[in-house]
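Read-outs throughout are calculated quantities, based only on the coordinates presented, and are distinct from any laboratory measurement. From a predicted model like this one, the values you see are computed outputs, not experimental measurements. Here the Cβ positions follow ideal geometry from the backbone for every residue, glycine too, while neighbour counts run over all protein chains shown.
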Amino acid sequence: ARGRIDVLSDGVVQQRIPLDADAVAAPLTIPLDLVPVRDGAATVTLHTALYPIGETCPADWTGRALALLDPRIRYDGTPRDPATVGEFLPPILERIELYLPEQPTAAESAAAASLTTAIGSRYSGREPEFVVLPAPPAATDDAGAFTRRIVIHQNDATAQARVLPAQTTPTLELTGSAAGLADQVRGLRSDLSVLAVQETATLGGTAVVPQLATTDLAFDELGIGAPSATAVGVATVEFGVDQSRIGRRVHDLRLELSGVYTPTTSVRTGIVTVSVGDRVVDSWPADDTGRIDRTVSVPDALLSRVTPVTVSLQTSGGTTQCGLEQPVTIRFDGTSRVITAPAGAGVDFAALPHSLLPDVQVATATASLADTARAVGILADLQALSGAPLIPEWVSVDAAVTGDKPAIIVSPDTVPTGLNLPLTLTGGRALTVTDDTGRTGTVTFPSDVRFASLQVLEDSGRTVLVASATTPAAELDRTLSWLRAEPGRWATLTGDVVFTAPGQEPMVLTAATTATAADTASDDLGIVGRMLTIGGVLAAAGLLVGGIVAFACRGHRSPRP
């Protein structure tokens with residue numbers, strides 16, 4: 001086929017790029033210098049037009065006949081350093097460095113946690129890196145054009161936010177009492193910060209009021225908008241229903257779809273199909289009204305963190321020029337609705353982060369910079385998965401264990417007590433996996449075993465994420481690094497335990513599957529044999545003695561009495 005790509009901005013064609021009919025792939029360069037920038041973004045629309053050569057229609061004519069591969073954006077020019085508090089964060093951000101004392105106060109750690117989720121949500125989809133470092137930063141150290149530094153320091157001086165002068169890397173300093181620091185962070189989280197048009201400002205405001213989750217939301221409210229598609233033969237609209245934008249974990253999801261499509265004629269028929277993932281959940285014949293007014297139910301088993309929905313209009317009948325004389329269109333109204341019911345607490349990684357929204361308590365076992373860095377890293381990872389901001393509250397471990405809000409607990413040297421964890425260690429040598437019914441499976445070792453883990457559990461109707469270790473903190477750090485090492489690993493994580501033993505790669509398991517398999521054995525050796533059959537192994541004291549693995553199976557943990 002031959003064709004072209006039109007580059008449009010505000011409905012005006014900025015560039016027309018011809019496509020070579022003989023090339024399977026070709027480089028494509030689109031200048032953006034003529035595109036207006038609004039709110040830090042340049043928006044373009046690419047319109048493709050393909051034409052058959054001769055009388056033969058290409059085999060993939062009604063499919064994805066053209067695709068953009070490995071798109072990249074190249075920038076030119078000299079970055080301008082921020083001169084005011086209001087312009088401190090740039091449109092493009094790759095890295096945030098948070099500088100705290102070696103032994104941060106609770107207020108300093110709370111400020112770092114809150115800034116992490118606030119900034120992370122602002123750059124949703126771009127996942128800037130967050131790093132916690134000991135203060136002060138080196139003024140002459142160049143960390144890159146798209147890096148920002150924030151120094152957090154609790155003192156008795158007047159609370160303020162100040163852009164530090166003579167810094168090679170732009171640096172913002174937040175100072176003040178515990179209450180003053182909280183005020184500065186609240187101001188930076190809100191739209192109030194745009195009014196800070198000098199290099200120093202004192203911000204104030206009320207606490208962030210989380211948007212309450214609702215059971216009835218329009219496409220526009222969920223960021224789906226009014227999706228549409230025009231194509232030859234088959235027009236396909238794809239969108240995702242993000243549970244984090246709904247604000248909680250849900251079930252009983254229904255789509256109340258309204259919109260229009262190209263009507264059928266006496267010589268052209270069609271069908272509208274709704275799919276979730278690879279499964280068709282509804283379909284109906286297209287008719288001559290061209291109207292969509294339909295409620296589609298989505299089975300709970302198909303729901304995920306972001307549920308992928310595909311709606312296709314497929315036509316057949318008499319056409320010429322491979323259908324170019326009459327392309328088909330399907331378009332949905334932004335007033336289409338998503339109806340849901342609350343599903344309660346989540347008990348696996350697939351339920352994160354939406355089961356932690358909006359308010360989440362954060363606790364660390366020690367008031368150390370390292371523990372704060374671990375908590376900030378977990379918050380950054382979870383915020384990158386969320387379409388809505390997490391609102392962290394820094395509390396003690398005891399408060400997080402006994403509280404009634406979702407919680408994240410970081411305890412790298414000891415396992416917190418008072419929670420019914422899926423995986424526990426007894427006497428230093430017995431690993432016990434407990435499922436939702438209380439059934440257990442145990443692996444006993446001839447010598448002490450050490451491990452680090454991330455575990456998700458339901459506790460009194462809330463979701464709790466525990467990052468802990470029975471070994472030095474390096475194993476927990478290795479586990480967290482493993483989760484970040486591969487793009488998308490957090491997003492595809494299932495099960496309720498990530499388990500790491502010294503010298504071994506981290507393993508993901510589901511307590512319900514592992515405990516059920518182990519419970520059928522008559523003794524510990526039988527349990528080990530069954531787990532080895534599944535395929536996971538664990539080395540302890542130089543001997544091959546047992547193993548833990550998991551299948552993708554979910555279970556609900558009994559709440560704490």
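Nearest 0.05, what FRET efficiency do Thr426 and Thr402 give at R0 = 25 Å with Cβ-Cβ as r? Intermediate results must be reported in sequence, preceding the final value.
On the way: r = 23 Å, r/R0 = 0.92.
Once rounded, the FRET efficiency stands at 0.65.
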Tell me which residues come under 5 Å, amide H to amide H, from Gln14 once H is placed; ignore anything under 5 positions away on its chain. Val7, Leu8, Ser9
Give the distance, in whole Å, between the Cα centre of the range 85-160 and the Cα centre of the range 1-46. 37 Å
If I take every Cα pair under 8 Å that is 6 or more residues apart in the chain, average their sequence separation and divide by the length, what percent do I get for the relative contact order? 11 percent
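Ranked highest first by the average count of other Cβ atoms within 10 Å around their residues, in what order do 226-236, 295-305 fall?
Values: 226-236: 17.8, 295-305: 15.4.
Result, highest mean first: 226-236, 295-305.
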Please identify every one of the chymotrypsin sites (Phe, Trp or Tyr not before Pro) in the range 72-165 that sits in a loop by DSSP and has no more than 11 other beta carbons within 10 Å of its own beta carbon. Tyr75
Roughly how many whole Å is it from the C-alpha centroid of the range 433-452 to that of the range 266-299? 50 Å
Using modelled backbone amide H atoms (1.01 Å from N, in-plane), which distant-in-sequence or interchain residues come within less than 5 Å of Val360's amide H? Ile391, Glu393
If you plug each phi of the range 450-458 into the Karplus form 6.51 cos²θ - 1.76 cosθ + 1.60 with θ = phi - 60°, what whole-Hz ³J(HN,Hα) values come out, in order, with x for Gly and Pro? 10, 7, 10, 7, 10, 10, 10, 8, 9
Scalar couplings 3J(HN,Hα) for the range 41-53 by Karplus 6.51 cos²θ - 1.76 cosθ + 1.60 (θ = phi - 60°), nearest whole Hz, x for Gly and Pro, are 9, 10, 10, 10, 10, 9, 10, 9, 10, 10, 10, x, 9
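Taking R0 as 35 Å, what FRET efficiency do you get between Glu221 and Arg484 from their Cβ-Cβ distance, rounded to the nearest 0.05? Spell out each step's value before the answer.
Details: r = 31 Å, r/R0 = 0.90.
About 0.65, to the nearest 0.05.
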Per the rule of 0.36 nm per residue minus the C-alpha distance, extending Leu192 to Asp33 adds in nm 54.2 nm
With θ taken as phi - 60° and the coefficients 6.51, -1.76 and 1.60, list the Karplus ³J(HN,Hα) couplings across the range 119-130 in order, rounded to whole Hz; mark glycine and proline as x. 5, x, 6, 5, 9, 4, x, 10, 6, x, 7, 10
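Quick one: plug the Kirkwood hydrodynamic radius of the chain (C-alpha pairs) into Stokes-Einstein at 25 °C, 0.890 mPa s, and report D in µm²/s. Can you show the working numbers first?
Values: Rh = 26.8 Å.
The estimated diffusion coefficient comes to 92 µm²/s.
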Sites excluded, GluC sites (Glu not before Pro) in DSSP loops with at most 14 other C-beta within 10 Å, longest stretch of the chain: 326-561
For the range 95-201, take every pair of Cα atoms, bin their distances at 10 Å starting from 0, and report each bin as a whole percent. 15, 49, 34, 2
With r defined as the distance between the Cβ atoms of Arg80 and Ser316 and R0 fixed at 41 Å, what FRET efficiency is calculated, to the nearest 0.05? 0.15
Which residues among the range 161-183 fall inside the zone where the amide N is under 17 Å from a point 7 Å beyond the Cα of Ala367, along Cα→Cβ? 176-182
Show the residues, 5+ positions off or on another chain, whose built amide H is closer than 5 Å to the amide H of Tyr99. Leu133, Ile150, Val151, Ile152
Counting other beta carbons within 10 Å of each Cβ, put Trp482, Trp490, Trp394 in order, fewest first. Trp482, Trp490, Trp394
